[in-house]
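In what follows, a single structure is set out as structure tokens and then discussed.
The values are calculated or read from the model by the stated rules, or taken from the named source; none is laboratory data. Predicted model only: the values in this text are computed from it and were never measured. Ideal geometry is used to build each Cβ from the backbone, glycine not excepted, and the neighbour counts take in all protein chains shown. SASA here: full protein model, heavy atoms, side chains in, ligands and nucleic acids out. Shrake-Rupley method; radii C 1.70, N 1.55, O 1.52, S 1.80 Å.
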Amino acid sequence: MGAQCSKGQLDKILNYIDIGKKEGAKCMAGGERAHLGGALENGFYLKPTVFVGHNKMRIFQEEIFGPVLSVTTFKTMEEAIEIGNDTIYGLGAGVWARDGAVAYRVGRAIQAGRVWTNCYHIYPAHAAFGGYKQSGFGRETHKMILDHYQQTKNLLVCYSPNALGFFSAQDGGRGRRVPAPEGPQLRQGRPRRPPPFLHRRTRRKPCPIASSSRPPPSRSSGR
């Protein structure tokens, strides 16, 4: 086990170990600073530590960022899922099971951005990575991250010179709302053709900024 990055981090981990002991967790291994002697005697080394307790303890709920493992037990699959989700974090989780159906159900139920099944700490370059809850938002290392660098625009274009929709042609498109006629109305004569921007045979002028090499849209010769 390598050294900690600083004396401050080492002291923080030792403080959590002391908290675990005071909360009643049983220290099964480690629990103290490692003295390697010689040139490494003053290094920031810590013995790998294993605690046995319950999920309400701080050493279970808070991130220690050190070689400290907190272990608890469960009797049913539902209890295991409840324990796994009883946290404000949700970056990664691991599930081990011989039954494939159980492994799938638990993996779906665990609230974490990445769930390893019968393995751990595998990082495929193309797999989305990110957390739930207070473990962050968004995803990395996946094509979906490109959406964060783009904006979606909905451009609705009408090619008619007359105002359409809620505005009358007599209004000139100045924005006055035309009230609907009262009572049932029946239009006589030939049915009105749809607006030009909805008609299949509408003639469209090419975009002035479009490439001149693109052929113009085809026109139908029939009526």
Per residue accessible area of the range 1-155, 1.4 Å probe, in Å²: 69 Å²
With all protein chains present and a 1.4 Å probe, how do Leu10, Leu156, Leu69, Leu164 order by accessible area, largest first? Leu156, Leu69, Leu164, Leu10
Thr141, Thr152, reordered so the largest accessible area comes first (probe 1.4 Å): Thr152, Thr141
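Counting Lys and Arg as +1 and Asp and Glu as -1, each charge on the Cβ, what is the dipole of the range 24-138 about the Cα centre in debye, to the nearest 20?
Around 120 debye, computed over the range 24-138.
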What whole number of Å gives the distance from the Cα centroid of the range 1-50 to the Cα centroid of the range 52-76? 16 Å
Please give every one of the lysines within straight-line cross-link reach of Lys56, meaning a C-alpha to C-alpha distance under 26 Å, and leave out same-chain neighbours fewer than 8 residues apart. Lys12, Lys21, Lys22, Lys26, Lys47, Lys75, Lys133
